[in-house]
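The values are calculated or read from the model by the stated rules, or taken from the named source; none is laboratory data. Keep in mind it's a predicted model, so treat the numbers as computed, not measured. Don't worry about glycine lacking a Cβ; one is built from the backbone with ideal geometry, like all the others, and counts go over all protein chains shown.
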Amino acid sequence: MSRPSVSTRTRSSIWRYIRALQEAEGTTIFMTTHHMDEADFCDRIAIMDGGDIVVLDTPEALKASVGADRVVPGTADDAALTALRDRFVIEATAAGGG
């Protein structure tokens, strides 16, 4: 089953409603999203892997812990390098070690 698609205008309207509801009611609202720009609207973010919460903090603290808006993976595995190049159309080079 594919995920339903929501237009940018509809997403914006939903977020305005959610923020107004939270402010008016002063209640916790639990949301899930794959859109990182939406996560910026949250007071706290939980990142989950395999059903477990692996990190929980504010958007600002999570960004600060990464140190940048991008992650630089490293590998010495030639097959993984090829997969990265093909999938993301990026320059990929082998990391030191082996």
inquiry  = Yes or no: the range 12-30 includes at least one residue that is out of contact with any Asp or Glu (no Cβ under 7 Å at 6 or more places or on another chain), under 30 Å from I90 (Cβ atoms) and without any contact (Cβ under 8 Å) to a residue 24 or more places away in the chain.
reply    = no
ask   = Do you know which of the residues in the range 56-97 that are touching a Leu at 6+ places or on another chain (Cβ under 7 Å) and either of a type in the set (S, T, N, Q) or surrounded by 12 or more Cβ atoms within 10 Å (Cβ to Cβ) (or both) is modelled with the highest pLDDT?
value = T75
